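Take a look at the structure set out below.
The values are calculated or read from the model by the stated rules, or taken from the named source; none is laboratory data. Owing to the predicted nature of the structure, the values given are computational and were not obtained by experimental measurement. Glycine also receives a Cβ, built like all others from the backbone with ideal geometry; neighbour counts cover every protein chain displayed. For the accessible areas, the whole protein counts, side chains as well, though only heavy atoms, and no ligand, DNA or RNA atoms are used. Shrake-Rupley method; radii C 1.70, N 1.55, O 1.52, S 1.80 Å.
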Amino acid sequence: MDNKKWIYYRADHHKLRQISRKFNISPLVAAVILNRGIQEPEEISMFLEKDIAKVYDPFLMKDMTKAVKRIKKAICEQEKMTVYGDYDVDGVTSTAILVKYLDGCGAHVDYYIPDRMDEGYGVNKQALQRLHENGTKLVITVDAGITAVEEVEFAKGLGLDFIITDHHECKEEIPKAYAIVNPKQHDCPYPFKELAGVGVVFKLIQGLAGKAQLGKVINDYCDIVCLGTVADVVPLLGENRLIVDHGLKLMKNTDHLGLKALVKVSGLDNAKIGTGAVGFMIAPRINAAGRIGSALRAAALFLTDDQKTAYEIARELNEENKKRQATEAQILDEAMRMIEQDFDLARQKVIVLYGKDWHHGVIGVVASRITDKFHRPSILIALEGDEGKGSGRSIRGFNLFEALTTCRDTLIKFGGHELAAGLTIDKKEISAFIEHIGEYADSHLCEDALIPRIYIDCQIQAVDLTFDTVKQLEILEPFGMRNAGPVFSLCDAVISDIRVVGEGKHLKMRLEKDKIFVDAVGFNMGDYEKRFIAGDVVDVACTLGINSYQGKDKIQLTLKDIKMSGPKRMEYKYYKTFDACIRNDIINSITKDADICFKQDIEIRDVLGTLEDEHPVLMIVNTLAGAAEIIDQLEREFEQQSHDPLSQKPYSIYFNTLGDDNHALDILINPVMGAGQIQNYSKVYIYDPCFSIAFYCDILKKNNNVYLLFDNTKYRWCEHVLDQIIPVRQDFVIVYQYIKTRSVQGIYEDDVFVLTRRIAISYHVPMNYLKLKHCLDIFRELGLLCFSICNEQIRIQLNDNKSKKVNIESSVQLAKLRKLREKCEETKKFLNQSS
């Protein structure tokens, strides 16, 4: 039932209280700040104050002094300079602000942006040759150049001076340019490494203008720098946070005609502009120029001083964006068919697709959508003749740039970041590339990393659902990469109403917690409506906001995921896997043939305190009450011991069988015979009574260090399990009655777990998966119906039994189930004799 993994940050509560008091912020806000890795008082102060005047000194960046002196010399001597840009938003905005500044200084300046289709990313020799022929003496790259080793040597041979400003990762060899301004150089002392390309140019302009002109530079350019920074999805912490916060304030009433026109055609002229609006509405219109048309038009938009021209170009970009969306949808549809027909997602961890006639200007966007959908790295390659140009996107935990570095022998060129990269490849090398990157993924990307994750800042209570809480959280804005909007969990809430809206695409719910009601909406979560019903007790992962409608404001949760409450999830897993215990026939009576080391008075903290990866320990749990108790104890102990916000728990939980790897502590619930390599553990603890003598003896054959951590009082836990899985007459009546009255032409279809809850809620009785299944098994045995369960979907077909009377007591299966009580008592006597 669960297809997303919830990861809770674990804040140091002592530090949380200190920060809350010192900075006069709520514990909720303090928790989120700590979760973002902001720990030191100076960092926290910078984060909260968002004072743009506190940007770092640009001359802390390596080669900044050299770059500034060379550019000032060119201005003074009227040497022709060409700003060499890139066609994405970061590159276009970088180009625009540097050209605009230099032009304002009276420089002889031009700009060049390579054509995405004809030239591709980065510096190329043909362009440099043309620039030289047109009189350029100094080339300044923006958002590009750090990998242009050969191209820089070529330029120097032409007599061109070369200044690189870039923010991309550096390879082992970097160009021998006149100056390289890139905070990611290994020996660059600049304190903030995560600037976008436009952020690096912003620092260069600050250096050129001087400290006295800082305020003017900020007010003249910060809105454009904000746009490029948000669009390039760099971390919105540190200096980037200051830039974006101030830039958003300027953007609403910007003096830049081009940006003002772009805001208007994006439909945002009367709206609050946040990072979401910038990233998903404004930026794509600029990117469309570089992807489908020419990025030169986008640059011209930011450089024009004519209002009519600005609106004309903005409308052109809007139309280009519509074409981009149509092209993107076409490629995405084709790519999805390829994945469905040819891809083995269970075996292949990286999705690599290639196709003819794909527009390589949009394949990066399509790759991003595929990665979002399948939660695994993806690379799309557009074939053009004998070469292919590719664009890739990755997931947390898989560095795409490093992966491509290991595959460099199969590539013509490549570049990028941890989460996004581009490449050029010979068509004949594609198969070898797929093989190599697949091997790299197999060794660097574990199966667990392929499960989508939701990172939850903390659990909130009903009392937190207030306007004041939302107001407090606004101080955390602007949100973006590495400063995501806070996600909370609201646990043990009751669904009072659930329905779909928007033609079935979206989910609308009303939740109740501690007699407080709140609305919740889940965009593109309409399918959840089939998995939950009114009356369910659920945990929701959500963001907290305000919904304004017809002049009224209400607190509203925006849903990220929904799960049954923790106890219910454990109940489902427990009873489903207990079914395997019965089907594997482990409940048998055999004679004692081994000694059991019976030891009590060992507490969980004692077990945790001695854990070592070299000496793994196994804890076997057999009952639902035991599973709930031990996990609760482990959670509390881990909470007290852990100070790392995202530290991994020192234990893993398995049902029925163990995994391939042993951890410091493995918890095995409902083990079956042959459950795994039990002999590999230094100690085996049996936490609560098992239902099978055979299982005890099987364990002892495989491991001599077996300890029992229970006494006879725990046998009531076994009795409770049997009470919950062995149907009584009332259970048979209500199950058959519910299905019969709701079947259509004798057919009933549902999610099997939802069906158990429907019956429980309708008749106010306890019902679980295994009891329901036993009822249905017995009905089938007696000829009342037939059913099948596939991927948790159940289909029941009632048989025509109008003239036939059945006697439930005649069921052989029911008799076998009832014998489980006798077997359980035999096991209890066996252990008493052993001890």
#### Entry: Odd one out for residue 319 among (1) farther than 21 Å from residue 116 by Cα; (2) of a type outside the set (Ser, Thr, Tyr); (3) open to solvent by 40 Å² or more (accessible area, probe 1.4 Å)
(1)
### strands (runs of 3 or more DSSP E) lying entirely in region 372-419 (those with 2 or more residues that are under 17 Å from the mean Cα position of the chain (by Cα))
387-393
### Message
What's the total number of residues in region 70-85 that are over 26 Å from residue 228 (Cα atoms) and within 46 Å of the chain's Cα centre (by Cα)?
### Response
0
### Query
Quick one: would you say residue 246 is touching a residue at least 60 places away in the same chain (Cβ under 8 Å), part of a loop (DSSP other than H, G, I, E, B) and either open to solvent by less than 10 Å² (accessible area, probe 1.4 Å) or within 29 Å of residue 39 (Cα to Cα) (or both)?
no
### Message
Take the residues in region 798-818 that are under 48 Å from the mean Cα position of the chain (by Cα) and open to solvent by 80 Å² or more (accessible area, probe 1.4 Å); name whichever of them is farthest from residue 708 (Cα to Cα).
### Response
816
### Query
Filtering region 443-461 down to residues that are open to solvent by less than 50 Å² (accessible area, probe 1.4 Å) and assigned to a helix (DSSP H, G or I), which residue is farthest from residue 373 (Cα to Cα)?
449
### Message
Whether any residue in region 740-754 is among the basic types (Lys, Arg), farther than 28 Å from residue 626 by Cα and either more than 40 Å from the chain's Cα centre (by Cα) or part of a loop (DSSP other than H, G, I, E, B) (or both) is what I want to check.
### Response
yes
### Task
Please give the strands (runs of 3 or more DSSP E) falling wholly within region 129-225 in which 1 or more residues are surrounded by fewer than 24 Cβ atoms within 10 Å (Cβ to Cβ) and in contact with a Lys or Arg (Cβ under 6 Å, 6 or more places away or on another chain).
179-181
### Message
For residue 260, only one of the following conditions fails: (1) modelled with pLDDT of 95 or more; (2) surrounded by 24 or more Cβ atoms within 10 Å (Cβ to Cβ). What is its number?
### Response
(2)
### Summary
The residue that is surrounded by the most Cβ atoms within 10 Å (Cβ to Cβ), considering only those in region 281-316 that are at pLDDT 90 or above and assigned to a loop (DSSP other than H, G, I, E, B), is 304
### Residue count, region 758-813 (criterion: in a helix (DSSP H, G or I) and farther than 17 Å from residue 573 by Cα)
18
### Task
State which residue is farthest from residue 25 (Cα to Cα) when the search covers only region 469-490 and only residues that are among the aliphatic types (A, V, I, L, M) and not in a loop (DSSP other than H, G, I, E, B).
490
### Residue among 396, 408, 376, 369 that alone is in contact (Cβ under 8 Å) with a residue 12 or more places away in the chain, open to solvent by 10 Å² or more (accessible area, probe 1.4 Å), within 21 Å of residue 168 (Cα to Cα) and of a type outside the set (A, V, I, L, M)
396
